[in-house]
1. Can you find, among Ala34, Val347, Val225, the residue farthest towards the positive end of the dipole of the chain? Put +1 on the C-beta of Lys and Arg, -1 on that of Asp and Glu.
2. Which residues' amide hydrogens lie under 5 Å from the amide hydrogen of Leu328, considering only partners 5 or more residues apart or on another chain, with H built in the peptide plane?
3. How far apart, in nm, are two points set 7 Å out from the Cα along the Cα-to-Cβ line at Met108 and at Glu26?
4. With a ≥ b ≥ c the root eigenvalues of the C-alpha gyration tensor of segment 291-384, is it rounded (a/c under 1.5), prolate (a/b larger than b/c) or oblate?
5. Within 14 Å, Cβ to Cβ, of Ser450, how many net charges do the neighbouring residues add up to if Lys/Arg are +1 and Asp/Glu are -1?
6. Just how large is the dipole of the chain about the Cα centre, in debye to the nearest 20, putting +1 at every Lys and Arg Cβ and -1 at every Asp and Glu Cβ?
7. Among the aspartates and glutamates, select those whose C-alpha is under 20 Å from the C-alpha of Lys42, and discard any that sit fewer than 8 residues away in the same chain.
8. For segment 295-414, with the dipole built from +1 on Lys and Arg beta-carbon atoms and -1 on Asp and Glu ones, taken about the Cα centre, which of Asn379, Phe329, Ile365 lies farthest toward the positive end?
Amino acid sequence: MTTSLLSVNPFSHATVGSLPLTPLSEIPAIVGRARLAAGGWKSISVTERIACLKPAAARLKMEAARLGGLSSAEMGKPLVEAIGEANYCADGFVAELESIAAALQPFMREDERTISTIHFEPLGVVAAITPWNFPILMLQQSVLPALIAGNTVVTKPSEVSPLVAHEYYAILNEFLPKDVLINVTGDGAQGKALVASNVDLIVFTGSRTTGAHIAAAAGARLARVILELGGKDPLVVLDDADIASAADFAARNSFRNAGQVCVSTERIYVDRKVARAFESAVVERAALLKLGDPADPTTSIGPMSSARQKSLVERHIQGALKDGARLLFGNRTQEGNFVEPTVLAGVNHSMEIMREETFGPVACIMEFDSIDQAVSLANDSPFGLGAAVFGADESRATNVAERLSTGMVGVNRGCGGAEGCPWVGAKQSGVGFHSGVEGHRQFAQFRVLSKKKS
Ligand code: ADP
């Protein structure tokens with residue numbers, strides 16, 4: 001029986017390191033330890049919890065290069081981007097703690113007879129099951145709101161990037177009381193066992209299939225869930241769009257992190273009148289990208305995170321080509337886990353590549369003849385995470401954006417909102433959500449305390 005989890009570099013295929021697998025039989029006891037620790041952690045104030053965690057920011061900053069190096073080695077993203085992610089988490093750490101504390105401040109509501117205060121209490125033990133594509137950021141976004149709300153947390157990071165998660169967890173644990181944050185190492189089996197254990201909230205970011213399994217398992221005992229389940233984000237390019245900026249966005253958002261981003265542009269709908277110009281502009285940009293060693297600072301695209309991910313992306317591309325898509329750029333056979341940035345036109349919704357999440361460096365372009373058709377194509381998906389609309393007439397573009405059935409939509413920009421906005425999916429892209437005042441509060445139990453008005 002395997003007792004350790006090996007982390008393998010998807011570029012060099014060398015072993016990055018290994019960690020002991022958490023035995024499945026130990027998981028209920030681990031959750032039990034977290035529950036015991038919950039009493040003490042809950043008894044201190046939000047301000048004290050913040051004071052406890054704040055010094056971790058400086059330690060994370062000090063270790064950003066090492067954390068970034070591990071992340072890049074484990075999942076293949078360019079080192080510069082991986083260190084950037086670690087620095088972003090360290091730099092934003094204290095502000096994030098403070099915005100969580102602000103969201104958890106009690107507030108009042110009153111009418112003629114009653115005065116009520118809404119308090120935010122801990123839920124108990126939170127399980128955080130996180131992915132490999134932003135292995136530090138996703139962990140931080142799941143763990144901090146849970147901890148500051150007074151819950152104890154058991155994490156189960158992705159088996160693709162266990163070492164960076166373990167190091168992040170170790171840094172936070174330099175400052176936390178014992179058993180307030182416990183890490184479980186393993187794959188889906190450990191995740192499943194954690195979901196089946198006595199946890200009060202499961203926070204999950206990952207695939208729709210796994211999300212459905214988790215929702216079913218949690219539903220059986222009415223445990224709460226926050227599920228962020230990826231997307232198939234559309235980009236709509238209207239006939240008056242600035243072609244250069246629409247193509248900049250399309251290329252950046254289709255190819256960044258080798259397309260392994262939940263809000264990657266996965267479907268592009270372009271007005272037939274500007275389709276040729278837009279296609280050539282995207283191809284031009286794809287041709288500038290350099291595949292290579294993630295450690296080389298000139299590399300723009302590293303390998304896919306795993307052979308499994310590469311074969312999924314290739315299946316989507318080859319399936320589309322077989323069914324009549326036109327290859328505008330890319331798709332040359334690559335060594336190892338690399339997939340060349342690929343631009344396809346003439347795609348349609350009967351193709352898997354326009355229906356299922358690809359999570360690869362592919363731009364798929366389909367033409368439309370009317371705005372109604374563009375809206376109906378963009379909305380023809382069970383996913384509903386992000387979207388973008390590009391058009392020079394901002395009110396016309398906004399009108400199109402308002403008709404899209406996603407949780408987030410950007411006009412002439414990406415879908416992420418201003419500071420303090422929630423990160424939220426519609427339809428099957430999410431159940432519950434995180435970030436912003438409303439998101440932070442989902443990690444807590446609302447309690448309404450009412451008195452008679454004198
Ligand atoms: P991916 O295929 O991209 O790794 P998954 O959704 O399968 O995405 O995995 C995301 C996270 O969920 C990982 O930490 C993984 O180990 C975990 N996981 C996989 N299957 C299950 C499951 N049945 N229950 C709980 N967690 C799971």
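The values are calculated or read from the model by the stated rules, or taken from the named source; none is laboratory data. Here the structure is a predicted model, which is why all the values come from computation and not from measurement. Here Cβ is always computed from backbone atoms with ideal geometry, including for glycine, and neighbour counts include all displayed protein chains. For the accessible areas, the whole protein counts, side chains as well, though only heavy atoms, and no ligand, DNA or RNA atoms are used. Shrake-Rupley method; radii C 1.70, N 1.55, O 1.52, S 1.80 Å.
1. Ala34
2. Amide H neighbours of Leu328: Val343, Leu344, Ala345.
3. Taking the simple label geometry, Met108 and Glu26 are separated by 5.0 nm.
4. Details: a/c = 2.07, a/b = 1.99, b/c = 1.04.
Taking the square roots of the gyration eigenvalues as a ≥ b ≥ c, segment 291-384 is prolate.
5. Numbers: positive: Arg109, Arg113, Arg447, Lys451, Lys452, Lys453; negative: Glu110, Asp111, Glu112.
Local charge sum for Ser450: +3.
6. Details: 42 positive and 47 negative charges, 269 e Å.
Magnitude of the dipole: close to 1300 debye.
7. By straight Cα distance, Lys42 reaches Glu96, Glu98, Glu121, Glu174, Asp179, Asp200.
8. Phe329
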